[in-house]
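Structure record follows, encoded as structure tokens.
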Amino acid sequence: MDQFTLNLIVVGITFAIYIGIAIWARAGSTAEFYAAGQGVHPVANGMATGADWMSAASFISMAGIIALAPAGGYTQSAFLMGWTGGYVLLALLLAPYLRKFGKFTVPEFIGDRFYSGTARLVAVICLIIISVTYVIGQMRGVGVTFGRFLEISTDMGLYIGAAIVFAYAVFGGMKGITYTQVAQYVVLIIAYTIPAIFISLALTNSFLPQLGLIGNYAPGGGDQAFLAKLDQVVTELGFTAYTADTTSQLNMFLFTMSLMIGTAGLPHVIIRFFTVPKVADARSSAGWALVFIALLYTVAPAVGSMARLNLTTTMWPNAVAGNALDGDAISLESIQNDPRLSWVKTWEQTGLLVMEDKNGDGMIQYYNEANPAMQAIAAERGWVGNEVTKIDNDIMVLANPEIAALPGWVIALVAAGALAAALSTAAGLLLAISSAISHDLIKGSINPNISEKGELLAARISMTGAIVIATWLGLNPPGFAAQVVALAFGLAAATIFPALMMGIFSKRVNKEGAILGMLVGLVFTAVYIFLYKGWFFIPGTATFEDVPANYFFGISPLSIGTVGALLNFGVAFLVSAITKAPPREVVELVESIRIPRGAGKATAH
């Protein structure tokens with residue numbers, strides 16, 4: 001059976017499952033549409049949360065970012081620590097209290113806690129900006145994955161993906177999305193770990209990729225540690241050592257913290273904890289989510305590092321058993337005629353991999369042309385530059401099974417897993433947008449007396465509109481699609497997270513403090529990112545070149561969300577201290593959220 005047919009069968013089966021679940025779990029009320037009737041079991045909710053969070057960025061891009069990072073793989077471990085740590089914050093500081101509050105959306109909590117329609121509106125604006133910027137990458141990921149594995153155009157793949165999301169999100173709401181995400185988690189975790197197991201066995205003789213990462217390199221005889229071999233190969237070609245330390249501990253700390261509190265402030269993640277029956281279940285489901293996320297996130301470093309070594313030894317065959325430069329680079333003849341290298345031609349057709357024989361010697365030299373030592377070697381050997389002119393991060397996971405010459409069914413599984421990851425997160429983001437518009441904007445501000453039937457219709461229309469807009473943005477992605485992720489996390493860290501924390505743990509912060517705090521966090525974070533990424537991400541409008549030498553106090557735009565959050569906290573507490581305290585009923589609301597029902601004063605014994 002050819003690869004295309006295999007891909008079609010596996011992806012088709014998974015899509016049939018998703019649609020079947022959507023029909024079974026159709027939402028019949030606003031409670032089911034927004035929060036699945038608050039009847040989801042904690043284990044199922046943890047699994048759905050894992051799928052909701054493990055987006056195309058986690059499944060496709062994260063290992064690629066770790067593998068190909070110019071600064072080395074260790075620096076990029078901040079993604080793993082930050083994204084996983086954010087769930088610890090959710091489990092300990094937010095999930096149980098928000099569930100006890102008993103409402104459906106994040107803006108609703110902020111509006112009630114800070115007794116202000118304006119606060120709720122600011123939260124709606126932040127939520128929509130965060131969710132829309134995030135969903136662009138998910139929809140585009142669906143199109144790219146379809147285009148590669150089903151051999152259709154990226155645009156057609158995007159249309160199909162949008163139709164699938166429409167089928168189970170618009171009609172099923174949170175209820176349909178939740179149980180579909182459970183199925184999607186099973187698909188994506190199998191698709192991620194099976195190739196990793198095969199590759200780990202081949203490279204380290206270890207069944208567990210996590211242990212293979214710290215094991216020995218088998219193809220070279222097993223006498224050298226795997227990571228030592230990887231460092232040797234990449235440094236020989238002029239790249240930074242894979243395990244090299246970060247150049248700025250402060251920036252790495254701020255970046256990790258920004259990812260953590262940004263994760264804890266992402267609305268589409270938070271609303272998952274409104275779906276369980278009891279407060280204790282919210283904490284339990286957060287714990288289960290950590291378990292399910294860890295199954296993928298502990299494998300990701302191994303996938304990234306093994307993919308990097310496989311790629312490099314493919315380009316320099318002599319590197320498998322010795323030094324790369326003691327032998328010749330891969331030849332164009334091998335790429336054209338060796339069936340094991342057919343993946344090179346396939347990925348070149350997508351434009352995500354580009355090679356060019358600049359010196360006409362019939363070989364493809366892959367090295368760091370910016371390294372002075374490699375420039376001297378290149379001059380001596382007649383090279384005229386790195387001939388692998390483009391390697392997209394997304395290749396490293398999607399092409400990994402092909403690079404490692406794994407069976408066709410494994411490649412088909414990866415296709416299904418990548419689509420499951422992108423679709424699950426897209427659905428969660430679209431639901432967050434829909435609920436913000438129908439529940440917080442229409443019912444909360446425009447028409448408070450709308451009937452439940454009317455609100456459910458408004459929610460479905462809002463979801464449909466969000467899918468149309470997300471599809472259009474996926475078809476016409478701005479050139480900054482990768483950059484806006486920084487804005488999404490930065491804004492979540494600087495606006496939503498501080499507001500929730502102060503709303504739960506401070507009885508003194510009032511509406512004036514919360515509103516000004518969110519606005520200051522929003523404006524400061526956005527402006528700092530625009531200074532380096534371009535104003536409103538318009539190409540050519542950046543005030544400063546996006547390089548470390550230009551950063552204020554060495555703080556990257558990716559890390560600025562932490563500073564924005566600190567400013568939010570500071571402004572909110574300062575303004576609250578000089579303005580009127582919250583009403584007594586709001587103070588009682590905070591106490592009711594934080595203190596277990598029926599608890600009395602402590603007594604001496």
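Which far-off residues, 5 or more places away or on another chain, put their amide H under 5 Å from the one on Thr389, with H placed in the peptide plane?
Val354, Met355, Glu356
Quick check for you: with a 1.4 Å probe and neighbouring chains kept, what is the accessible area per residue of segment 225-279, in Å²?
Solvent-accessible surface per residue comes out at 31 Å².
HN-Hα J couplings of segment 443-451 from phi, Karplus 6.51/-1.76/1.60, θ = phi - 60°, integer Hz, Gly and Pro as x?
Per-residue couplings from phi come out as 6, x, 10, 7, 9, x, 8, 4, 6 Hz.
Could you report the accessible area of Lys175 in Å², rounded to 10, computed with a 1.4 Å probe on the protein chains as they sit in the structure?
Roll a 1.4 Å probe over it and Lys175 shows about 50 Å².
Report the net charge of residues surrounding Val414, where surrounding means a beta-carbon distance below 13 angstrom and charges are Lys +1, Arg +1, Asp -1, Glu -1.
-1
Tell me the carbon and sulfur percent of the accessible area for the chain, rounded to whole percent, probe radius 1.4 Å.
On the chain, the fraction of accessible area on carbon and sulfur atoms equals 65 percent.
Mind checking the angle between helix 226-236 and the chain's longest principal axis? C-alpha axes, 0 to 90 degrees, to the nearest 10.
Once rounded, the angle reads 70 degrees.
Sort 373-386, 523-536 by packing, meaning the average of other beta carbons within 10 Å per residue, with the highest value first.
Top to bottom by mean Cβ count within 10 Å: 523-536, 373-386.
Among the trypsin sites (Lys or Arg not before Pro) within segment 272-316, which fall in a DSSP loop and have no more than 10 other Cβ atoms within 10 Å of their own Cβ?
Answer in residue order: no site qualifies.
Which of the lysines could a cross-linker bridge to Lys511, judged by Cα under 30 Å and excluding same-chain residues fewer than eight apart?
Result set, ordered by chain and number: Lys100, Lys103, Lys278, Lys443, Lys580, Lys601.
Given points 7 Å out from each Cα along the Cα-Cβ axis, report the Val291 to Leu250 separation in nanometres with one decimal.
Using points 7 Å along Cα→Cβ, the separation is 4.2 nm.
What's the angle, to the nearest 10 degrees (0 to 90), between helix 452-475's Cα axis and the longest principal axis of the chain?
Between helix and principal axis, roughly 20 degrees.
Spin-label point model (7 Å from Cα, Cβ direction): what's the Ala577 to Ser29 distance in nm?
4.7 nm
With only Lys, Arg, Asp and Glu charged, each at its Cβ (+1 for the first two, -1 for the last two), find how big the charge dipole of segment 134-286 is about the Cα centre; round to the nearest 20 debye. Write out the running numbers ahead of the final one.
Values: 7 positive and 7 negative charges, 134 e Å.
The dipole of segment 134-286 has a size of about 640 debye.
Tell me, what is the percent relative contact order of the chain, built from C-alpha pairs under 8 Å that lie six or more residues apart?
Relative contact order for the chain comes out at 26 percent.
Grab the beta carbon distance between Leu92 and Lys278, set R0 = 22 Å, and tell me the FRET efficiency rounded to 0.05.
Taking R0 as 22 Å, the efficiency between Leu92 and Lys278 is 0.80.
Just add up the charged neighbours of Gln349: K/R +1, D/E -1, any other residue whose Cβ is under 14 Å from the Cβ of Gln349. Display every interim value, and only then the final one.
Values: positive: Arg148, Lys345, Lys390; negative: Glu151, Glu348, Asp392, Glu402.
Around Gln349, the surrounding residues sum to -1.
Lys390: which lysines have alpha carbons under 20 Å from its alpha carbon, excluding same-chain residues fewer than 8 sequence positions away?
Within the straight-line cut-off, Lys390 pairs with Lys345, Lys358.
Could you work out the local net charge near Thr133, counting Lys and Arg as +1, Asp and Glu as -1, over the other residues with Cβ closer than 13 Å to its Cβ?
Details: positive: Arg140, Lys533; negative: none.
Every neighbour counted, the sum reads +2.
Which label marks the calculated value of mean projected area of the Cα convex hull in nm², given the options [x] 36.8; [y] 32.9; [z] 30.0?
It is the value labelled [z].
Applying a 10 Å radius around every beta-carbon, put 448-461, 390-403 in order of their mean neighbour count, most first.
Sorting 448-461, 390-403 by mean packing, highest first, produces 390-403, 448-461.
The values are calculated or read from the model by the stated rules, or taken from the named source; none is laboratory data. Keep in mind that this is a model prediction, so the values were computed, not measured. When we count neighbours, we look across all protein chains shown, and the Cβ atoms used for this are built from the backbone with ideal geometry, even at glycine. Please note that ligands, DNA and RNA were not included when accessible areas were found on the heavy atoms of the full protein model with its side chains. Shrake-Rupley method; radii C 1.70, N 1.55, O 1.52, S 1.80 Å.
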